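Structure record follows, encoded as structure tokens.
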Amino acid sequence: MDELFGTFFGNTPVSQQLAYLQAALLENIWETVYSTVLATVFAYVIGLPLGIILVTGEPDGIRPLPRGLMRVLNFVINILRSIPFLILMILVIPLSRLILHTSIGTNAAIIPLVVASAPFVARLVEGSLRESDAGVIEAAKAMGCTPFQIVRKVMLPEALPSLITGLTTATITILSYGAMSATIGGGGLGTLAINNGYQRRMDLILYVTVILLIILVQIIQSIGTRVANRLDHRITKATPKAKRHKADKAGIG
Amino acid sequence: MIELKHISKVFPTADGDLRALNDINLTIGDGDVFGIVGMSGAGKSTLVRCINLLERPTQGQVVIDSRDLCAMPEKELIRQRRSIAMIFQQFNLLMQRTCLKNICFPMEIAGVKRAEAEQRAREYLDIVGLPDKADAYPAQLSGGQKQRIAIARALASDPKILLCDEATSALDPKTTRDILRLVKDINQRLGITVVVITHEMAVVEEICSHVAILDHGVLQETGTVEEIFSNPKTEAGRRLVYPDGVILDQLRAANVIRIAFNGGTSYDPLIASLAIDCGVKANILGADTRNVNGQAFGTMLLGLPDDPEQIAKAMHYIKSQPNITVEEVRDYHG
Ligand SMILES: Nc1ncnc2c1ncn2[C@@H]1O[C@H](COP(=O)(O)OP(=O)(O)OP(=O)(O)O)[C@@H](O)[C@H]1O
Ligand SMILES: [Mg+2]
């Protein structure tokens, strides 16, 4: 086999690359999934409340907060979002040391991911909640809802499809950020691609990891889109029967 | 009883303060169907939103059953709001909840148990005539059906007061009538006080017992529907009661009188008897009459012959009729 491919997949013999893949691939996929899921969860634990506050705390929101506080919040979010992730990873090393007593490894790589994506999530949530119908919120107020009830029973459920779409975007962004964590010794497919595929000229490994990342993104996106559509009751979906009827009329099929 | 005392509302805007309401005083009795009418921008929505304090008046008091809402702490106000239901032009249903769950909503926030809430919600679905829509989502309903669900949701909080802000303005005339009948029915069966905001006199005609006319944030006149319809005293009132106006340019006769029917009489016999009993041949120059609760209301412009004696005779005769008032029109342009 090695003769067959020659140096087509880089200088390392293909059989050696395959052996390496076999040994390391599963573990790296797991590391990627693990860190993506965990970072997304933490990003939402922080970003979701922040996003809610960004909407409700406005002067004409349902629970206005002091203007100064809102300004600081917006400022911090903008700052965090404007630092490139590669640099942010290095900047939060002291934070990782503080929390995990280490700054390398897969767990340590989750911390910069959360720091970078929580503000992003806050903005996504803010965007979703801003779409909510002011009339419905007004109706809820008129019915005697407390601000907390409005958030929990009106704003979040009404924006659920949009929030799911945001979650999909956030997860994919975190997945791709995670691929950079090789820089600080995190594991995962990105590290495999950079450390082995690129630096050690194992092109086969590079291609395989890229394809795997593409597949992961496709899976996340299609699940996200499907769930968001399934949960959205605003649009009346044409039943298959009705669709066929239309097609008949148009003379198709 | 709802008492609005010296309500003013000022909106600060980019180009100065906007006085949307100006010293409004209004009393709405229990069980009334009270209409608040006015042209677009008159301040109707602002006024009705002041009743449940969605909008806080800049000045004045909102007193409901002798309790001043403006002076209440937030918590108590929230509880008070649960007895004031509201329906809207845009229905404002929760789009991600089924109809049944929409109707359960006010009970849910008031802490009613789920099973009980659902059972009561089904009863309200029956009342509004949509028992088979429990599991449908609002997006699957027509406008009229959505408003019925909104009414059921309003009833679910067991309110004392129902506020309707242009509740039928997005509906066609037939559906409008059906919805208004439903509201009237609810008013009569459950004794709920209803406040109806509208720019259409037809709506007032259909269901209201009392009406207030609002123009540019000022309360122009208020009274029973009969009073206002038969004899609007203000310019704004006349504009609303007779939207097409009586076109004075078309009048040819020199002596014009305006007679107002205050119910109970129809006008054809009057013209006929005027001719037979007094020998006065009157010319109908314009009429705007309507049927309210089975009685005739409205005004009619009559042109009389150019003879002072005949005019006096006719005036005397008309004045002696019950339920009719008469006045000479001096400012008419021939
Ligand atoms: N939040 C607000 N800020 C500034 N101005 C406002 C606000 N709400 C209402 N206004 C102004 O107050 C006036 C009365 O508005 P309102 O909505 O009460 O009128 P309306 O009688 O309900 O009219 P329509 O029949 O068109 O609904 C308008 O001039 C409007 O521009
Ligand atoms: Mg309005």
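Considering only DSSP beta bridges where both residues belong to the stretch B:2-236, give the percentage that are antiparallel (nearest 5).
On the way: 22 of 41 bridges.
Antiparallel: roughly 55 percent of the beta bridges in the stretch B:2-236.
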In order through the stretch A:25-35: 3J(HN,Hα) via Karplus (6.51 cos²θ - 1.76 cosθ + 1.60), integer Hz, x for Gly, Pro: 4, 4, 4, 6, 4, 4, 4, 5, 4, 4, 6
Choice from B:G16, B:G223, B:G286 with maximal GNM fluctuation in chain B (Cα, 10 Å cutoff): B:G16
Peptide-level mean, for B:147-157, of C-beta atoms on other protein chains within 10 Å: 1
Sorted by Cβ density within 10 Å, fewest first, the residues B:C278, A:C145: B:C278, A:C145
Inter-centroid distance (Cα atoms) of the stretch B:1-57 relative to the stretch B:206-223, Å: 11 Å
GNM top mover of B:L182, B:L18, B:L100 - chain B, alpha-carbon springs below 10 Å: B:L18
Dipole in debye (nearest 20) - the protein assembly as shown, about Cα centre, beta carbon charges: Lys, Arg +1; Asp, Glu -1: 1880 debye
Whole-Hz ³J(HN,Hα) from phi, Karplus 6.51 cos²θ - 1.76 cosθ + 1.60, for the stretch A:74-82, glycine and proline x: 4, 5, 4, 4, 5, 4, 4, 6, 8
Antiparallel %, DSSP beta bridges [both residues in the protein assembly as shown], to 5: 70 percent
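Find the lysine pairs in chain A meeting two conditions, Cα atoms under 26 Å apart and a separation of 8 or more places or different chains, and report how many there are.
On the way: A:K141/A:K153; A:K153/A:K237; A:K237/A:K246; A:K237/A:K249; A:K241/A:K249.
So the count of such lysine pairs works out to 5.
Go ahead and run the numbers for FRET between A:E58 and B:E235, Cβ-Cβ distance against an R0 of 45 Å, rounding to 0.05. Please report the intermediate quantities before stating the final value.
Working: r = 42 Å, r/R0 = 0.93.
That pair, A:E58 with B:E235, gives E of 0.60.
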Rounded, prolate or oblate (a/c below 1.5 giving rounded, otherwise prolate when a/b exceeds b/c) for chain A by Cα gyration tensor: oblate
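Could you sort the peptides B:4-10, A:13-19 by per-residue average Cβ neighbour count (10 Å cutoff), highest mean leading?
Values: B:4-10: 18.4, A:13-19: 16.3.
Packing order, densest peptide first, comes out as B:4-10, A:13-19.
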Eligible aspartates and glutamates near B:K160 by straight Cα distance, threshold 12 Å, same-chain separation 8 or greater: B:D30, B:D32, B:D65
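Within 10 Å of each Cβ of B:320-329, how many other protein chain Cβ atoms are there on average? If you can, show how the numbers build up before the last one.
Values: counts 0, 0, 0, 0, 0, 0, 0, 0, 0, 0.
Other-chain Cβ atoms within 10 Å of each residue's Cβ, averaged: 0.
Per residue of A:149-156, count partner chain C-beta atoms within 10 Å of its C-beta, then hand back the mean as an integer. Show your work: numbers first, answer last.
Details: counts 4, 1, 0, 1, 5, 5, 0, 1.
Mean inter-chain Cβ contacts per residue within 10 Å come to 2.
Hey, which of these cross-link pairs are over 29 Å Cα-Cα: B:K75/B:K133; B:K9/B:K75; B:K9/B:K174; B:K44/B:K113; B:K233/B:K319?
Details: B:K75/B:K133 34 Å; B:K9/B:K75 23 Å; B:K9/B:K174 36 Å; B:K44/B:K113 37 Å; B:K233/B:K319 19 Å.
In this structure, B:K75/B:K133; B:K9/B:K174; B:K44/B:K113 exceed 29 Å between Cα atoms.
Which value in deg cm²/dmol, rounded to the nearest 500, describes the helix-derived mean residue ellipticity at 222 nm for the protein assembly as shown, given -39,500 (n - 2.57) per DSSP H run of n ≥ 4 and division by the residue count? Please report the intermediate quantities before stating the final value.
Numbers: 21 runs with 287 residues, N = 587.
One gets -15500 deg cm²/dmol as the mean residue ellipticity at 222 nm.
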Long-range amide H partners of B:Q89 with built H, under 5 Å: B:D165
Ranked by how many other beta carbons lie within 10 Å on average, peptides B:149-155, A:86-92 from highest: B:149-155, A:86-92
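Could you list B:I87, B:I36 so that the one with the fewest beta carbons within 10 Å of its beta carbon is first and the one with the most is last?
Numbers: B:I87 26, B:I36 31.
Placing the least packed residue first, the sequence is B:I87, B:I36.
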J(HN,Hα) series, the stretch A:50-66, from Karplus relation 6.51 cos²θ - 1.76 cosθ + 1.60, nearest Hz, glycine and proline x: 4, x, 4, 4, 4, 8, 6, x, 5, x, 9, x, 7, 8, x, 10, x
Fewest-first sequence of A:S176, A:S162 by Cβ atoms within 10 Å of each Cβ: A:S176, A:S162
Peptide ranges B:76-82, A:122-128 listed from the most packed, as the mean C-beta count within 10 angstrom indicates: A:122-128, B:76-82
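Every read-out reported here was derived from the displayed coordinates using simple, explicitly stated rules and does not represent laboratory data. Note that the structure is predicted; figures quoted are calculated from it, not measured. Positions of Cβ are generated from backbone atoms using ideal geometry, with glycine treated the same way; all protein chains shown enter the neighbour counts.
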